[in-house]
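The values are calculated or read from the model by the stated rules, or taken from the named source; none is laboratory data. Not measured: the values here are computed from a predicted model. Every residue, glycine among them, receives a Cβ derived from its backbone with ideal geometry; neighbour counts consider all protein chains shown.
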Amino acid sequence: MNQNLIWRAVAFSVDPAEKHDEVFVYVDAPDRESAKLRIAERLSDEWGIAPDYIEFYNPSNETELRDIALGPQHPSGSPLLECGWTGGPEGSAVYDVDPVILVASPSLRCVLETAYNTLIHSDLIKEARCIGCGCTDSHACLDKFRAPCHWLQVDRETGIGVCSCCESYLNHPSISDRN
């Protein structure tokens, strides 16, 4: 009997008409090869583009992600959402603020959603807001080509940033004082 695991990879599109920046995507699969197929298949459906235009790297299963996590292991899904570490002696885990969860299994999906909701409510995930237009990690604004913005500069500790549509705010005192 094959038991599915949660897999995470970094994915993006290379479709010139439908660009998608790098995101963490989560799928459920019994092994690495199945995970790769499901990532392409499910992202193709999610983004409405051909699988040939989807690229991804670093597929890792939940055991591998737990082994490399530096932050707390609880809630049980938090190591799967960990995507980095802040520097310095008082460093802390950084978590994915906008995961693309394409996990079909209700019980595995619940692991990720419960962890995400717990991290949001505990302020371990601080959603950033653009000082110029007010867009956030979960509600991006669109540029003149209708592509979603990205962060030019963001301070995860304060939750203040400047998105790609508000470049003129890079010298704003609220931003420059924090560099």
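Scanning segment 125-158 for residues that are under 26 Å from P16 (Cβ atoms) and either surrounded by 18 or more Cβ atoms within 10 Å (Cβ to Cβ) or of a type in the set (V, I, T) (or both) yields C135, D137, A140, C149.
Tell me yes or no: at least one residue of segment 18-27 is among the basic types (K, R) and at pLDDT below 90. There is at least one residue in segment 18-27 that is among the basic types (K, R) and at pLDDT below 90. Would you mind stating whether V25 is loosely packed, with under 14 Cβ neighbours inside 10 Å, touching a helix residue (DSSP H, G or I) at 6+ places or on another chain (Cβ under 8 Å) and in contact (Cβ under 8 Å) with a residue 40 or more places away in the chain? No: the conditions fail for V25. Taken as a whole, the condition of being modelled with pLDDT under 90, at positive phi and assigned to a loop (DSSP other than H, G, I, E, B) does not apply to G71. For segment 18-34, the condition holds for at least one residue, the condition being that it is part of a helix (DSSP H, G or I) and either within 17 Å of S105 (Cα to Cα) or basic (K, R) (or both). Can R66 be described as without any contact (Cβ under 8 Å) to a residue 24 or more places away in the chain and surrounded by 14 or more Cβ atoms within 10 Å (Cβ to Cβ)? Judged against the criteria, R66 is a match.
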